[in-house]
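For reference, the structure is listed below as structure tokens.
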Amino acid sequence: MLFRSYLLGILLVDRQENRQQFYAFLAEKPEEEEQIWRQFLAFVNRYEQAPIFHFSEYEAETIKRLASLYRTPRRQFAPLLSRLVDLHHRVINSVTLPVESYSLKSLANWLGFKWRDVGVGGDQCVCWYDQWLKTGDRRFLELILRYNEDDCRATLHLKDWLINFLF
């Protein structure tokens, strides 16, 4: 089975306006993957000076995979890769914390962040997406979006803590 990306989520933070807005590029059908990739790329390229904080190599690998799959010209995605800041890498190379693992869930929970849906993980979202495709029940999409938004907010929470801790 070909792995597909059905959701690319972004929490846009405007520090000057003290605003945060979650944006979700969601493929309601697997065939819409290229469409959400192009929408995501156009969106992030509007903020060409903004760093993009993420957690783990997964995001960078996804960008490379989608760029290759959809024959995206290098000039459209290479600058994006240079703006990525991997918080997992920064954490494991700069601090030692009393946590069982250095997963986003473990770190953010230790820092006081709470997901709205307790006990849910990325694997559950994959199952929900499968249920969405089978049933057409939009509640599954809403749960996926909510979880992804919480992941984005947890990443921001970790980033803010790390900056305050290190500086």
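For the stretch 149-167, residues that are closer than 30 Å to E32 by Cα and open to solvent by 30 Å² or more (accessible area, probe 1.4 Å) total 3.
Considering (1) open to solvent by 50 Å² or more (accessible area, probe 1.4 Å); (2) outside any helix (DSSP H, G or I); (3) out of contact with any helix residue (DSSP H, G or I) (no Cβ under 7 Å at 6 or more places or on another chain), the lone condition that A50 does not fulfil carries the number (1). Would you confirm, using the coordinates I've provided, whether Q21 is closer than 24 Å to Y129 by Cα, assigned to a strand (DSSP E or B), open to solvent by 70 Å² or more (accessible area, probe 1.4 Å) and at pLDDT 95 or above? Yes: the conditions hold for Q21.
The requirement of being open to solvent by 70 Å² or more (accessible area, probe 1.4 Å) and within 14 Å of the chain's Cα centre (by Cα) is satisfied by R146. Taking the stretch 118-167 as the range and being aromatic (F, W, Y) and not in a helix (DSSP H, G or I) as the test, only F167 passes.
Listed by first and then second residue, the pairs linking a residue in the stretch 64-93 that is assigned to a helix (DSSP H, G or I) to a residue that is aromatic (F, W, Y), with Cβ atoms under 7 Å apart and 6 or more places separating them unless they lie on different chains, are L66/W37; A67/F77; L87/F53; L87/F55; H88/F55; H88/Y102; V91/Y102; I92/Y102. Is the stretch 115-124 home to any residue that is more than 16 Å from N148 (Cβ to Cβ) and of a type in the set (S, T, N, Q)? There is no residue in the stretch 115-124 that is more than 16 Å from N148 (Cβ to Cβ) and of a type in the set (S, T, N, Q). In the stretch 57-81, the residue that is nearest to the chain's Cα centre (by Cα) out of those that are of a type in the set (S, T, N, Q) and surrounded by 15 or more Cβ atoms within 10 Å (Cβ to Cβ) is T62.
The values are calculated or read from the model by the stated rules, or taken from the named source; none is laboratory data. Keep in mind the model is a prediction, meaning the values are calculated, not measured. Positions of Cβ are generated from backbone atoms using ideal geometry, with glycine treated the same way; all protein chains shown enter the neighbour counts. Note: accessible area is taken over every heavy atom of the protein model, side chains too, but ligands, DNA and RNA are not part of it. Shrake-Rupley method; radii C 1.70, N 1.55, O 1.52, S 1.80 Å.
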